[in-house]
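Right, one structure below, let's go through it.
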Amino acid sequence: MGFLELVSRRQSCRKYLDRPVDRGQIERCLEAARLAPSACNSQPWRFVAVQDPALKEKAARAAFSGIFQMNAFAREAPVLVFLIRERSKYAARMGGQVRGVQYNLIDLGIAGEHFILQATEEGLGTCWIGWFNERAVKKVLGLPWHVKVDLVISLGYSAEEGLREKSRHGIGDMSEVR
Ligand SMILES: Cc1cc2nc3c(=O)[nH]c(=O)nc-3n(C[C@H](O)[C@H](O)[C@H](O)COP(=O)(O)O)c2cc1C
């Protein structure tokens with residue numbers, strides 16, 4: 001599959017089959033994330049992939065209850081991946097302050113998308129999830145209060161059929177070639 005086809009195939013999956021994902025598949029996605037670039041090569045990320053059914057159920061319930069219920073679909077995903085944002089190296093933090101850019105957020109996004117595109121290549125469905133109960137997740141996973149769990153990726157075989165048409169700005173509206 002060419003890269004543009006891979007990117008076109010990736011779409012948010014909000015319905016999953018009750019079919020387990022191989023550990024090898026998860027590890028290849030993690031490898032793709034590991035190879036991502038980052039400001040000053042800080043690699044300010046940690047990925048916690050939860051596939052143990054009991055722990056995943058607990059984490060899912062914690063993450064997607066109450067006001068976060070709109071993402072309850074993710075409870076059905078066989079794997080939930082929690083993306084932890086760490087501090088960038090000193091030079092990247094200082095440079096970021098001068099520039100007014102938070103590089104570790106950008107880095108986390110790039111690494112997460114690497115993970116997701118490898119998952120797409122593996123024939124798996126994913127969804128980025130930013131709306132979840134971070135505090136409750138940290139409690140279930142035994143993470144200290146100061147850790148930043150910024151995002152979740154749900155992962156599993158898709159139960160959705162076909163590809164949706166992408167709703168995006170036109171290329172002329174989002175870019176120019178000078
Ligand atoms: C940082 C980020 C956070 C997101 N949070 C959620 C979320 O909480 N729930 C959800 O269903 N989708 C979430 N999405 C998915 C977007 O809604 C989706 O990517 C967008 O509508 C484009 O659709 P597509 O992914 O199918 O191409 C998130 C996407 C990103 C990049």
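Structure notes:
- The single condition among (1) more than 24 Å from Lys139 (Cβ to Cβ); (2) out of contact with any Pro (no Cβ under 9 Å at 6 or more places or on another chain); (3) assigned to a helix (DSSP H, G or I) that Val101 does not meet is (3).
- When Trp128 is tested against (1) buried (at least 17 other Cβ atoms within 10 Å of the Cβ); (2) closer than 23 Å to Leu163 by Cα; (3) near the ligand (Cβ under 10 Å from one of its atoms); (4) of a type in the set (Phe, Trp, Tyr), just one condition goes unmet, and that condition is (1).
Listed here are the residues, each with its yes/no results for (1) among the polar types (S, T, N, Q); (2) closer than 18 Å to Cys127 by Cβ.
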| residue | (1), (2) |
| --- | --- |
| Ser8 | yes, yes |
| Leu17 | no, yes |
| Ala60 | no, yes |
| Arg75 | no, yes |
| Leu80 | no, yes |
| Arg93 | no, no |
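- Among residues of region 86-105 that are over 20 Å from Asp150 (Cβ atoms), those with a Cβ under 7 angstrom from a residue that is assigned to a helix (DSSP H, G or I), sequence gap 6+ or separate chain, pair up as Ala91/Cys40.
- In region 140-162, the qualifying residues are those that are farther than 21 Å from Met70 by Cα and surrounded by 13 or more Cβ atoms within 10 Å (Cβ to Cβ), and the one that is nearest to the chain's Cα centre (by Cα) is Lys148.
- The set of residues from region 113-136 being under 11 Å from the mean Cα position of the chain (by Cα) and under 16 Å from Glu27 (Cβ atoms) comprises His114, Phe115, Ile116, Leu117, Ala119, Thr126.
- Selected residue [within 14 Å of the ligand (Cβ to nearest atom), out of contact with any Pro (no Cβ under 7 Å at 6 or more places or on another chain), over 23 Å from Gly66 (Cβ atoms) and without any contact (Cβ under 8 Å) to a residue 12 or more places away in the chain] from Glu165, Glu176: Glu165
- Matching residues, region 106-148, being over 17 Å from Ala74 (Cα atoms), part of a loop (DSSP other than H, G, I, E, B) and free of Cβ contacts under 8 Å to residues at least 24 places away in the same chain: Gly142, Pro144, Trp145, His146
- Hey, Val152 within 12 Å of the ligand (Cβ to nearest atom), among the β-branched types (Val, Ile, Thr) and in contact with a Phe, Trp or Tyr (Cβ under 7 Å, 6 or more places away or on another chain) or not: yes
- Leading residue by the ranking (nearest to the ligand (Cβ to nearest atom)) among those in region 84-125 that are under 23 Å from Leu163 (Cα atoms) and of a type in the set (Asp, Glu): Glu113
- Residues of region 1-42 that are of a type in the set (A, V, I, L, M), out of contact with any helix residue (DSSP H, G or I) (no Cβ under 8 Å at 6 or more places or on another chain) and farther than 25 Å from Asn71 by Cβ: Leu4 alone.
Throughout, read-outs are computed from the coordinates displayed, never taken from laboratory work. Source: prediction; values computed, not measured. Methodologically, a virtual Cβ is constructed for each residue, glycine included, from the backbone with ideal geometry; neighbour enumeration extends over all protein chains shown.
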